[in-house]
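Shown next, in structure tokens, is the structure this report addresses.
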Amino acid sequence: MPTITAVVPSAKREGRFDVAIDATTAGTISVDVIERLRLHVGADVDERMLEALSQETRALHTYDRALAMLASRARASRELARLLVRKGEPEPFVRAAIERLTGIGYLDDAAFARQFARSKLAVGGLSRRRLQSELARRGIAREVAAAAIAEMLQEEHVDEAGILDQLAARKLHALRDEPPDVQRRRVFAFLARRGYDLDDVRAAVDRALRRA
């Protein structure tokens, strides 16, 4: 019967352990799996143990991949799940990884939505409607997105009309050397792309042109 000949820290993955069976690496797992499966040097390995080790190795690979993707950029849970499946990770392991990350607080769609809305409003001046659309595209449920946006707007004391005026003035300044009709057309398009109501956009453009 095959025998475990080594359980050693992985040289390639920090915090993980390589398990060797008959001097050949058979899997890479976490310390909690070692304890749960009661793995130790000298233990005999039957078919059921081999299958369990294989499943745990594959599940941990998916989980570690999800962690690495979160480390590079914050993501919503559905967005992360879609990306993992697209990269070839099996759906059962993806679901398990998402549940685990959510359970320990690494994935929080409401917090992600608030952070995303705050950054996009501050940098890009996106409207409430555009923020809702962008969050939906990332897999955030409509009610979660709406609540997060409303909370963020209230916390930041956001005046959407004031943001429109700021954006219009900034864009108009950048177009100061252009003819008036070109200025109006480009400022209008610039604001409309951010998802604001067209009547509000038209009023903001008129105010910016009058002030200029």
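The values are calculated or read from the model by the stated rules, or taken from the named source; none is laboratory data. All of these numbers come straight from a predicted model, not from anything done at the bench. FYI the Cβ positions are ideal-geometry reconstructions off the backbone, even for glycines, and counts take in every protein chain you see. For accessibility, only protein heavy atoms count, side chains too; no ligands or nucleic acids. Shrake-Rupley method; radii C 1.70, N 1.55, O 1.52, S 1.80 Å.
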| note | Note on the chain: contact order normalised by length, alpha-carbon pairs under 8 Å, 6 or more apart, percent, works out to 13
| task | Over the chain, with every protein chain in place, what whole percent of the accessible area is carbon and sulfur at 1.4 Å, could you tell me? | result | 51
| query | With +1 on each Lys and Arg Cβ and -1 on each Asp and Glu Cβ, how big is the dipole of the chain about its Cα centre, in debye rounded to the nearest 20? | reply | 1280
| query | With every protein chain left in place, what is the accessible area of TYR196 in Å² (1.4 Å probe, nearest 10)? | reply | 10
| query | Could you name the lysines in cross-link range of LYS171, using Cα to Cα under 18 Å and dropping any fewer than eight places away on the same chain? | reply | LYS120
| Positive-end residue of GLY139, ALA110, SER127, charge dipole of the range 108-154 with Cβ unit charges | SER127
| task | In debye, nearest 20, what is the charge dipole magnitude of the range 48-159 about its Cα centre with +1 on Lys and Arg Cβ and -1 on Asp and Glu Cβ, if you could check? | result | 440
| field | Accessible surface, the range 1-159, averaged per residue in Å² (probe 1.4 Å) | value | 58
| message | Order ARG193, ARG86, ARG114 by their accessible area, 1.4 angstrom probe, all chains in place, largest first. | response | ARG86, ARG193, ARG114
